[in-house]
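Take a look at the structure below.
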Amino acid sequence: MKNKVLNCFLLISVTLLVLYFSLKDNFYDTLNILKTLDKWWLLVAFLLVASYWFFKAIALHKIVRNFKKEYSFEKAFKFILEINFFNAITPFSSGGQPFELYCLKKEKIKMADATTIVIEQFVVYQIALVILGVVAILCNSIFHIFTNNTILKNLVTIGFFTNTLVTVILFLLAFTKKTNKFVVNKVIHFLHIIKIIKDEEKQKNKLNKYINELYDGTKLLLKDKLNFIGMIFINFIGLICLYLVPLALLYSTGDYVSFDGFKSIISSAYVMLIGSFVPIPGGTGGLEYGFVQFYGNFIKGSILTAIMITWRFITYYIPMVVGAIAFNIRKRNDKK
């Protein structure tokens, strides 16, 4: 509860600071633009976000069905909405994975299989994210879309290597059984020496069994390599939908020329690379900074501020609210 209160306090505080610095010089102009945004293009922007949820739900559904054939797509979609909520209120989007494990366990899925599902889902998403990051970096180096800014370049580099490192670690965790057992056994032995664990052999056997089950589940998922590549592609398409949201918002202002779909995707990929390592719920502060810096190459002033605020509202705050509603519906159903 203390962590939740702290996270909410950080989120609200940083959001207010971002709004203050964004609006202090052009408050009324930005407000007027926000009032006149085209409602149909706002609907398109929201549908693009919903498409992102949809594609993530497809990937989750395909993975879970390897362990529970009767798992429905409707459940997977609702599950994605709830995961969005827990990711939104925790630093580094770290709250979604424990919640996934808890819910999958309630679906009568073994803990080792549930862990495999969570790792697999995260791995295919991370690979898609990194691929888009690589594409963005290559395209910028070829077409020189952005001006050479040392600070931004360093932030993007850190974000890219952070996401790549996370992906590699997850691969090692899922696919290197001998290494995992070696590390686990050494850790348990150390904990036994300092009197934290009493029965060393019992704990080793328990965790080694868990690692065997995890490895077997991972092999099952990777047995069909085309399916694995397909799930990466599904996440890739979902991210492209998300990355096109700023373009729809630009069109909602009546501006159809400042940037196109290609620049929207490249810019959003850069923004996501920066925001991924900001240790505040939702990457708040980092994502807004990245958005202004990269999209500021194409639009300026009040239009940039209005689009950034609307983009953040549609891609972060609305999903958080929708996820909270879905989670409360789950809680009510569980009580029945």
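The values are calculated or read from the model by the stated rules, or taken from the named source; none is laboratory data. Just so we're clear, the structure is a prediction, and the values are computed from it rather than from any experiment. Cβ atoms come from the backbone with ideal geometry, glycine included; neighbour counts cover every protein chain shown.
Do you know which residues across the range 139-154 are surrounded by 10 or more Cβ atoms within 10 Å (Cβ to Cβ) and more than 14 Å from Phe262 (Cβ to Cβ)?
Asn149, Leu152, Lys153, Asn154
Only one of (1) assigned to a helix (DSSP H, G or I); (2) without any contact (Cβ under 8 Å) to a residue 24 or more places away in the chain fails for Glu70. Which number is that?
Of (1) assigned to a helix (DSSP H, G or I); (2) without any contact (Cβ under 8 Å) to a residue 24 or more places away in the chain, only one is false for Glu70: (1).
Name the pairs whose Cβ atoms lie under 8 Å apart, with the first residue in the range 45-58 and closer than 17 Å to Ser268 by Cβ and without any contact (Cβ under 8 Å) to a residue 24 or more places away in the chain, the second assigned to a helix (DSSP H, G or I) and of a type in the set (A, V, I, L, M, F, W, C), and 6 or more positions between them or separate chains?
From the range 45-58, no pairs qualify.
If you take the residues in the range 61-85 that are of a type in the set (A, V, I, L, M, F, W, C) and touching an Asp or Glu at 6+ places or on another chain (Cβ under 9 Å), which one is nearest to Pro98 (Cα to Cα)?
That would be Ile83.
Does Tyr52 satisfy the criteria of being in a helix (DSSP H, G or I), modelled with pLDDT of 90 or more and among the hydroxyl-bearing types (Ser, Thr, Tyr)?
yes
Consider Phe298 carefully, then state whether it is free of Cβ contacts under 8 Å to residues at least 60 places away in the same chain, under 28 Å from Ile145 (Cβ atoms) and in contact with a Ser or Thr (Cβ under 8 Å, 6 or more places away or on another chain).
yes
Please tell me if Ile80 is in a helix (DSSP H, G or I) and among the aliphatic types (A, V, I, L, M).
yes
Using beta carbons and a limit of 9 Å, which pairs, at least six apart or on different chains, have the first residue in the range 132-148 and among the hydroxyl-bearing types (Ser, Thr, Tyr) and the second one at pLDDT 90 or above and not in a helix (DSSP H, G or I)?
Partner pairs satisfying both residue conditions: Thr147/Asn297.
I'd like the residue in the range 143-161 that is at pLDDT 80 or above and more than 16 Å from Gly286 (Cα to Cα) and, out of all such residues, is nearest to the chain's Cα centre (by Cα).
This residue is Phe161.
Conditions tested, residue by residue: (1) under 23 Å from Gly283 (Cβ atoms); (2) at pLDDT 90 or above; (3) assigned to a helix (DSSP H, G or I).
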position: Phe86; (1), (2), (3): yes, no, yes
position: Val118; (1), (2), (3): yes, no, yes
position: Ala128; (1), (2), (3): yes, yes, yes
position: Leu138; (1), (2), (3): no, yes, yes
position: Ser141; (1), (2), (3): no, no, yes
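Hey, Thr157 hits all of (1) without any contact (Cβ under 8 Å) to a residue 40 or more places away in the chain; (2) within 19 Å of Phe236 (Cα to Cα); (3) among the hydroxyl-bearing types (Ser, Thr, Tyr) but one; which does it fall short on?
Looking at each condition in turn, Thr157 falls short on (2).
Among all residue pairs at least 6 apart or on different chains, which show Cβ distances below 7 Å where the first residue, located in the range 90-113, is farther than 17 Å from Phe327 by Cβ and the second is surrounded by 15 or more Cβ atoms within 10 Å (Cβ to Cβ) and hydrophobic (A, V, I, L, M, F, W, C)?
These pairs meet every condition: Pro91/Ile280; Ile109/Phe67; Ala112/Leu214; Asp113/Phe67.
Report, ordered by the first and then the second residue, all pairs with beta carbons closer than 7 Å, sequence separation of six or more or different chains, a first member in the range 317-334 that is touching a residue at least 60 places away in the same chain (Cβ under 8 Å), and a second member that is of a type in the set (D, E, K, R) and surrounded by 13 or more Cβ atoms within 10 Å (Cβ to Cβ).
Gly323/Glu82; Ala326/Lys78; Ala326/Glu82; Phe327/Glu82; Arg330/Glu82
Within the range 145-154, does at least one residue satisfy the condition of being in contact with a Pro (Cβ under 6 Å, 6 or more places away or on another chain) and assigned to a loop (DSSP other than H, G, I, E, B)?
No, the range 145-154 contains no residue that is in contact with a Pro (Cβ under 6 Å, 6 or more places away or on another chain) and assigned to a loop (DSSP other than H, G, I, E, B).
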